[in-house]
Amino acid sequence: MLRRLWQSAMIGLARSSSLKGWIQKNRTAAAMMQRYVAGGTAKDAVATARDLAAKGISVSLFYLGEYVETREGIDEAVREKLSAIKALSEAGLDIHVSVDPTQIGLGVSSDLMTENARVIGKALANAARGPGRHCLMLDMEDHTTVDATLALHDDLAADGVPVAVTMQAYLKRTEADLAARIRPGGMVRLVKGAFVAGPEIAHVGNAAIKENSRRLIDLMLSEKARDRGFYPVIATHDDRLQAYAIERAEANGWALDAYEFEMLFGVRTKLAETLAASGHRIRLYTPFGRDWWPYGIRRIGENPASLPLLVRSVVSG
Ligand code: FAD
């Protein structure tokens, strides 16, 4: 109950455009968010990606911005995704970008989203001719967007775009959605879910969500999924869930390069480095851009200990 209230409050803050406009001008608050954001441009983010690559850590670049509703904002997001692809390609790194469906047009129409996703997918497929891994990763937003996001994923995959999709353990439907993408040997990133919903459609409370995460990891790292060439991405900072995934992977004969972990840039960095040092594939979701408030407040929501620091910086800045 408390978790739901807290998360709802954070989602409300993330979507408040007047608060966003005001706080993003605050230099102290912006400096505090640098922990989670790798600069204002794709070039800044690629400089960070090079440093991480030296430690054996890969990235997925994300241009900040969600629930974009203007044509101008959508066009800008597409342009920035394309510049991230170009910068990664020039740097000889994995060409891996994350995209929120509402950034590229879902709030306007499914057709606009699909058209933009195809442009990004085509640029990615053209750039990714050399070695390395490449992927257009679709993020998953609130539960009202799941059908459209999965349909987009399936369309792009049928066209041969190297696409993957995020699925959320808090939603009850995920088990069936996941099974349907394991069968053809796709790629899915599993997260707990940054949104809230009622018990009709969602698992409610940390314990229930974690228990479902384990059930979904069982499916993702099963022998059957391995034999189908499915590629699991376990995206969590929860070291117990990571250990559970490693235990399942070892029990079912998964090679270390046949699955990966993903975490957020700036969160539990030592844990990411430890995974890399032990030979595991690890990628950091690495945002760049100036629209940092909705993303940053979600991170604060997951780490309430940093809230007083944010409030102090806003008051003093
Ligand atoms: P938690 O149980 O929240 O955290 C585990 C441990 O990590 C705890 O000790 C906690 O204190 C610490 N920790 C967690 N967050 C922070 C932080 N910000 N700062 C400091 N410590 C922290 N959600 C979606 O709904 N859709 C998406 O598309 C999506 N994409 C994601 C992609 C990646 C790569 C990751 C890692 C997460 C993504 N999420 C997404 C967010 C996810 O759903 C969770 O809300 C978030 O990851 C927190 O859950 P957790 O599994 O990390 O575990």
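Having 3 or more residues that are surrounded by 16 or more Cβ atoms within 10 Å (Cβ to Cβ) and under 19 Å from the mean Cα position of the chain (by Cα) is the bar; report the helices (runs of 4 or more DSSP H) wholly within region 13-66 that clear it. First the steps, then the outcome.
Details: elements: 17-23, 27-33, 42-53.
Output list reads 42-53.
Just checking, how many residues over region 192-236 are among the aliphatic types (A, V, I, L, M), more than 13 Å from the ligand (Cβ to nearest atom) and either under 25 Å from Leu284 (Cβ atoms) or buried (at least 19 other Cβ atoms within 10 Å of the Cβ) (or both)?
4
Could you list, ordered by first residue, the pairs with Cβ atoms under 6 Å in which the first is in region 58-75 and over 22 Å from Val46 (Cα atoms) and the second is within 12 Å of the ligand (Cβ to nearest atom) and of a type in the set (S, T, N, Q), at least 6 apart or interchain?
Tyr67/Thr102; Val68/Gln103
Identify, please: which residue in region 91-100 is under 12 Å from the mean Cα position of the chain (by Cα) and either aliphatic (A, V, I, L, M) or not in a loop (DSSP other than H, G, I, E, B) (or both) and is, among those, farthest from Ala151 (Cα to Cα)?
His96
Residue-wise test of (1) among the aliphatic types (A, V, I, L, M); (2) modelled with pLDDT under 95.
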| position | (1), (2) |
| --- | --- |
| Met1 | yes, yes |
| Ala45 | yes, no |
| Thr48 | no, no |
| Ser58 | no, no |
| Glu66 | no, yes |
| Ile74 | yes, no |
| Ala77 | yes, no |
| Ser83 | no, no |
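Just wondering, is there one or more residues in region 237-244 that are crowded, with 18+ Cβ neighbours inside 10 Å, modelled with pLDDT of 95 or more, more than 10 Å from the ligand (Cβ to nearest atom) and part of a helix (DSSP H, G or I)?
yes
Would you please name the residue that is nearest to the ligand (Cβ to nearest atom), looking only at residues in region 133-170 that are free of Cβ contacts under 8 Å to residues at least 40 places away in the same chain and closer than 16 Å to Ala197 by Cβ?
Among those residues, the one meeting the criterion is Gln168.
One line per residue, one yes/no per condition, for (1) part of a helix (DSSP H, G or I); (2) of a type in the set (A, V, I, L, M, F, W, C):
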site	(1), (2)
Ser213	yes, no
Gly229	no, no
Ile234	no, yes
Ala249	yes, yes
Thr274	yes, no
Arg283	no, no
Tyr295	yes, no
Gly301	yes, no
Ala305	yes, yes
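Would you mind finding the one in Ala179, Ala207, Ala197, Ala157 that is over 27 Å from Thr114 (Cβ atoms) and small (Gly, Ala, Ser)?
Details: Ala179 fails: over 27 Å from Thr114 (Cβ atoms); Ala197 fails: over 27 Å from Thr114 (Cβ atoms); Ala157 fails: over 27 Å from Thr114 (Cβ atoms).
Of Ala179, Ala207, Ala197, Ala157, the one residue that is over 27 Å from Thr114 (Cβ atoms) and small (Gly, Ala, Ser) is Ala207.
What pairs come up if the first residue lies in region 232-258 and is within 21 Å of Met167 (Cα to Cα) and without any contact (Cβ under 8 Å) to a residue 40 or more places away in the chain, the second is within 16 Å of the ligand (Cβ to nearest atom) and of a type in the set (S, T, N, Q), and their beta carbons are under 6 Å apart, counting only those six or more places apart or on different chains?
Leu241/Ser213
Among the residues of region 67-82, which ones are over 16 Å from Met137 (Cα atoms) and surrounded by fewer than 21 Cβ atoms within 10 Å (Cβ to Cβ)?
Here is the first cut: in region 67-82, the ones over 16 Å from Met137 (Cα atoms) are 67-76, 79.
Result: Tyr67, Glu69, Thr70, Arg71, Glu72, Gly73, Asp75, Glu76, Arg79.
For region 184-202, name all the residues that are in a loop (DSSP other than H, G, I, E, B), touching a Lys or Arg at 6+ places or on another chain (Cβ under 7 Å) and over 18 Å from Glu302 (Cα atoms).
Here is the first cut: in region 184-202, the residues in a loop (DSSP other than H, G, I, E, B) are 184-186, 192-201.
Pick out the ones that are also touching a Lys or Arg at 6+ places or on another chain (Cβ under 7 Å) and you get 185, 194, 196, 201.
Across region 184-202, the qualifying residues are Gly185, Ile201.
I need the full set of residues from region 104-120 which are under 22 Å from Ala45 (Cα atoms) and either assigned to a loop (DSSP other than H, G, I, E, B) or modelled with pLDDT under 95 (or both), in order please.
Hit for region 104-120 is Ile104, nothing else.
I need the full set of residues from region 251-268 which are more than 30 Å from Thr48 (Cβ to Cβ) and either within 14 Å of the ligand (Cβ to nearest atom) or not in a loop (DSSP other than H, G, I, E, B) (or both), in order please. Walk me through it before giving the result.
Taking region 251-268 as the starting set, the residues that turn out to be more than 30 Å from Thr48 (Cβ to Cβ) are 251-253.
The one that is more than 30 Å from Thr48 (Cβ to Cβ) and either within 14 Å of the ligand (Cβ to nearest atom) or not in a loop (DSSP other than H, G, I, E, B) (or both): Ala251.
The values are calculated or read from the model by the stated rules, or taken from the named source; none is laboratory data. Keep in mind it's a predicted model, so treat the numbers as computed, not measured. Cβ atoms come from the backbone with ideal geometry, glycine included; neighbour counts cover every protein chain shown.
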